[in-house]
1. Among the residues of region B:226-244, write down those that are more than 11 Å from chain A (Cβ to nearest Cβ) and surrounded by fewer than 19 Cβ atoms within 10 Å (Cβ to Cβ).
2. Which of the residues that make up region A:414-433 are surrounded by 15 or more Cβ atoms within 10 Å (Cβ to Cβ), within 14 Å of another protein chain (Cβ to nearest Cβ) and either farther than 18 Å from residue A:250 by Cβ or charged (D, E, K, R) (or both)?
3. I'd like the residue in region A:373-387 that is surrounded by fewer than 18 Cβ atoms within 10 Å (Cβ to Cβ) and touching a strand residue (DSSP E or B) at 6+ places or on another chain (Cβ under 9 Å) and, out of all such residues, is farthest from residue A:52 (Cα to Cα).
4. Of the conditions (1) of a type outside the set (Asp, Glu); (2) within 21 Å of residue B:421 (Cβ to Cβ); (3) within 8 Å of chain A (Cβ to nearest Cβ), residue B:258 satisfies every one except a single condition; which number is it?
5. Only one of (1) surrounded by fewer than 19 Cβ atoms within 10 Å (Cβ to Cβ); (2) farther than 24 Å from residue B:382 by Cα is not met by residue B:211, so which one is it?
6. So, residue A:167, is that one without any contact (Cβ under 8 Å) to a residue 60 or more places away in the chain, surrounded by fewer than 22 Cβ atoms within 10 Å (Cβ to Cβ) and touching a Ser or Thr at 6+ places or on another chain (Cβ under 6 Å) or not?
7. What is the one condition in (1) out of contact with any helix residue (DSSP H, G or I) (no Cβ under 7 Å at 6 or more places or on another chain); (2) at pLDDT below 90; (3) more than 9 Å from chain B (Cβ to nearest Cβ); (4) under 30 Å from residue A:160 (Cα atoms) that residue A:217 does not satisfy?
8. Could you please find all residues in region B:61-90 being assigned to a loop (DSSP other than H, G, I, E, B), surrounded by fewer than 14 Cβ atoms within 10 Å (Cβ to Cβ), more than 14 Å from every other protein chain (Cβ to nearest Cβ) and not aliphatic (A, V, I, L, M)?
2 protein chains.
Amino acid sequence: MASPEVEAKLAPLRAAVREYGDLVRQLKTEGAAKVDIDKAVGELKARKKILEAAEVSLVPKDATFDRVLLEDLLRRRFFYDQSFALYGGVSGLYDFGPMGCALKANLIQLWRKHFVLEEGMLEVGCSMLTPLPVLKASGHVDRFADLMVKDSLTGECFRADHLIKNLAEKLLKDEKTDVDLRNELTEMLARIDGFNKSDIKNVIDKYSFKSPSTGNPLLGPEEFNLMFKTSIGTKADSEAFLRPETAQGIFVNFKRLLEFNQGKLPFAAAQIGSAFRNEISPRQGLIRVREFDMCEIEHFVDPDDKRHPRFSRVSDQKIMLFSACNQLDGKPAQSFTVGDAVNQKIIANEMLGYYMAREQQFLVKVGIDPARLRFRQHLSNEMAHYARDCWDAEILTSYGWVECIGNADRACYDLQQHQKATGVKLTAERNLKEPKTVEIVKVVPNKAAIAENSAVISIDSKNFTITKDMVTVKHTTKKVHVEEIVPSVIEPSFGIGRIMYAVLEHAFRKRDGDEQRNFLALAPGIAPIKCSILPISSNAKFEPILEAVQEELKSHEISYKQDDSSGSIGRRYARTDEIGIPFGITVDFESELQPWTVTLRYALTLEQVRLQVSEVGQVVSQLCNGKICWNDVQNQYPKFE
Amino acid sequence: MASPEVEAKLAPLRAAVREYGDLVRQLKTEGAAKVDIDKAVGELKARKKILEAAEVSLVPKDATFDRVLLEDLLRRRFFYDQSFALYGGVSGLYDFGPMGCALKANLIQLWRKHFVLEEGMLEVGCSMLTPLPVLKASGHVDRFADLMVKDSLTGECFRADHLIKNLAEKLLKDEKTDVDLRNELTEMLARIDGFNKSDIKNVIDKYSFKSPSTGNPLLGPEEFNLMFKTSIGTKADSEAFLRPETAQGIFVNFKRLLEFNQGKLPFAAAQIGSAFRNEISPRQGLIRVREFDMCEIEHFVDPDDKRHPRFSRVSDQKIMLFSACNQLDGKPAQSFTVGDAVNQKIIANEMLGYYMAREQQFLVKVGIDPARLRFRQHLSNEMAHYARDCWDAEILTSYGWVECIGNADRACYDLQQHQKATGVKLTAERNLKEPKTVEIVKVVPNKAAIAENSAVISIDSKNFTITKDMVTVKHTTKKVHVEEIVPSVIEPSFGIGRIMYAVLEHAFRKRDGDEQRNFLALAPGIAPIKCSILPISSNAKFEPILEAVQEELKSHEISYKQDDSSGSIGRRYARTDEIGIPFGITVDFESELQPWTVTLRYALTLEQVRLQVSEVGQVVSQLCNGKICWNDVQNQYPKFE
């Protein structure tokens, strides 16, 4: 991945990771005590983090990227901004303006086409309000929590790991902090993600960390459940939450969906919708928010058959894999074909591999730079005990590698949990390879004899007495062709806000030789506005031509923005480039010759062609849905300069 | 509207309404006491209700419509069903299955095209979680409530008007109830919608109504706020609600939107999203739910200029208006052109009239029967004090006339409320017809003199003393070309679930001569699945043809469902008709002749044509987006029988 010079610098860090990767493997093989394994894993993670930080900092970056400039553009042109700013704002909540709203809608529409339509999925739309018992069964009520500490006098709360990070970083920046403490703090910070309650307590006590707002002592840490609580109806027992993910809505509808699919496995259900997490102290813009859009797929399969019927279509596709093994060895991510990765058991099964390949296709289509995309496998201790294999699609942004899609083989955990909680069987039938003969034991009552009695049983507080002669036990056999199974679930789960933010970062460019002109090179398919219309002057004779262009675009359902302000044409183009409008139509003095013509400009290359008004709708429409590309247009129409 | 026979039966009821309509008008003219007007209005409403019930029952109905059959179909084929049924269900919450989810998505997509794209609106997507101060300013914290009574021992709650209705209806059904009581109860029921707290209390006391669950006495009534309460973050003062409407998100973003529109009025903003109301006892399926989809438009205009630039495009369109005047007169709704209605001041302004016309176009396009659509004006006492004019689009269903879209001229109330609460000016600039000269008074300090002092003022606990010689008061004048105004707001607000339910009722049909075959005659544009693919037999030689058909449909982004089960072709068509698939492709033994052909069937008319596989994608796509109609297809391709 990196140059030999960079690799030379990384070599000792890679070796340091490998040392502890090997140790963890050895401890596990030896069946060492959990506390020893945990300790080694903590150190391993710390060393991995140092390696990753070095990797990211050493890889040559797009030196021109400046997050402040991008954020300024996104706020100024109202892609999105903090919610309720008029009332002082609420952190972790964002409102999407006309540009962000259209970008998100296009992203979701493309997702629906790429997955729901092309893969024939069953899309559902379930309630966000979710009663307590459902989330108790799913494990969220008991385990969906972060550690929090509290100001002992004011009651103000802080997310424990964030508080420690901030205070430790403050100490590190302080010149008076000596070398020993500096080293100690650095090491502690690298380990913090694995800290439990008592680790947190120890650190706070050891460094006498206090409330950053008041200087008061801190209480805790205690667990803070991240779900928003409310109640439905007026009864006292109607406790409910806003769903923290969309998946549970699919699980509780499993039986209806199986029936919709005429009882057959496998099938995939999908849901696009909002979910909510009451983050204690959200930051990082769209990366960590309290209300967000997700697209989730639950693919229900036979646990013993995780093949995918269309796997052959993707088996030659190359993807970048950062396997658990490579992570333990301190090695970088490696490129594989999906077919090889499944054959070599790096990816556990075809189903997971198929989705990872399709996800990469989707991400590249919406504008993610494939060189900044990798799939990272979870280490075994990162996964829930029931999960079989997990791979996160991670995208490199200015925040580092950000998890944007999670892929988990969750086995049959979720359906089993809801089955346990409700007593309703959540199974499907599987055809047996060969019919099986099963023994059936049936107790047949001898109704005549039941009138008399000798042994007493009680039903509904009444006593009945049953003797041997009252029943006959019959043994018979039966040939069965099917057996019941609880399906396994493969779950790809997309964070739309994170993907959208990564798309914006990867699309943010500067024009060569013009530092002041930033623009967004958005893929035409997701651009909020597809086309601008710019009259070269405000001359009234352009009016009918402009109207004809508008009607032409409307009839092809193309969103457009007309800018007839008085700025120069270059200045007006700069304004449209800034919001990622890929195509621009100019009406100029040549336009009025019969038949009416306009120029069409492609923002990415600044090239222009001339074509008839009556053609422009069709051409822009095909450019946006990918049926033709700009080269085709250039070949067909005369260049305009 | 109705036949002479029906009108003869309705005449006395119309006269009864008119009597009280006239009385209300008279009392208002005379400036009578509020209590007297309220009493008359109560009686007027009761009489209107009796008239409306008679109208609905006397108009010849589609005798074949059976709600139980429709509901069975919608549940069985998973359009939607109660949420969390696996856990016993939660009333007022619904999950949308693959059919309902796609139907809703198509409805919303068409809405976006019809309004956002064609009218050039600014679409936003705002947070659902809303902090208390915002909803305090909007009036929801104080006034968004229903009256509720409580079981004095168990604490169980009931919506007061529902409880009274149920208990009174029970008494009415009881044969032992005598005629006097019967009349008294009927009259009370007709008036119940206008009941206040003490009216409710009086009724409960008078008839000794008790808890229907336990027979215990009832406490209350008290107000129950319909918003779902939660809190954001960990602080005690972070009380928040789930938004009860999407409108406030637009109002709090007014300044950003105005800036996006380069400071110019008028402009329209739109939002599509979920809202939540904690109904005390929701019933009536999708008509009254706790979590629902809305599409709202806020059109910001100059309060003195509510013209619409495209009004001439709709002015000849006929719409059915049930004006306040006709309601007071006991007259039925009347057909007008929109232009006449605005000229005659029946509709207050062009902006409202334009939207009503566009709404009718939208509703008819998605499948609402125009004969079951009317616009009902609010009586002045139904409107909030600040509203200027309100018209509900009402659709006739088996639940009676259901309000599906509200249109309100809300004046500048909302912006003013948020301005008051935050101290931030929410104004726009309006060009003055003529520049105005304003006087400017400026106090200029005489800095040299300020060193000495005589009169004392205190700033930040420090004392300063100001004398006359220290300041000069200057009077100047300035020419201004603009003035600041708080814009008025026209608000069309769509309930998507209600529209969707009405569409399903209006589309539900029985095949003539086949009572068992129900089907949904959905408009192709909103049908969840556009096309079925049915091989006439499971012969393997059809495989390549079927695959070619699938690829053809996918390449035109057409959703399809292949049914290769073993049922007869007629039985399989019945299954596809039931879920409203408008078009069906059959692959038969003639298909394999070169070039491959298929038959295309239109579910509504049962007619079929034969065409090439390579043409079918384009044809179905154009049928669905309305570019061609079935007649065009019949003219172009040979009929198949």
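1. Hit for region B:226-244 is B:239, nothing else.
2. If the condition is that a residue be surrounded by 15 or more Cβ atoms within 10 Å (Cβ to Cβ), within 14 Å of another protein chain (Cβ to nearest Cβ) and either farther than 18 Å from residue A:250 by Cβ or charged (D, E, K, R) (or both), then A:414 is the only one that fits.
3. Taking region A:373-387 first, the residues surrounded by fewer than 18 Cβ atoms within 10 Å (Cβ to Cβ) are A:380-387.
Now restrict to residues that are touching a strand residue (DSSP E or B) at 6+ places or on another chain (Cβ under 9 Å): A:382-384, A:387.
Numbers: A:382: 17, A:383: 20, A:384: 24, A:387: 25 Å.
Taking the candidates together, the pick is A:387.
4. Failed condition: (3).
5. (1)
6. No.
7. For residue A:217, the failing item is (2).
8. B:61, B:64
The values are calculated or read from the model by the stated rules, or taken from the named source; none is laboratory data. For clarity, every value in this text was computed on a predicted model and none was experimentally measured. Methodologically, a virtual Cβ is constructed for each residue, glycine included, from the backbone with ideal geometry; neighbour enumeration extends over all protein chains shown.
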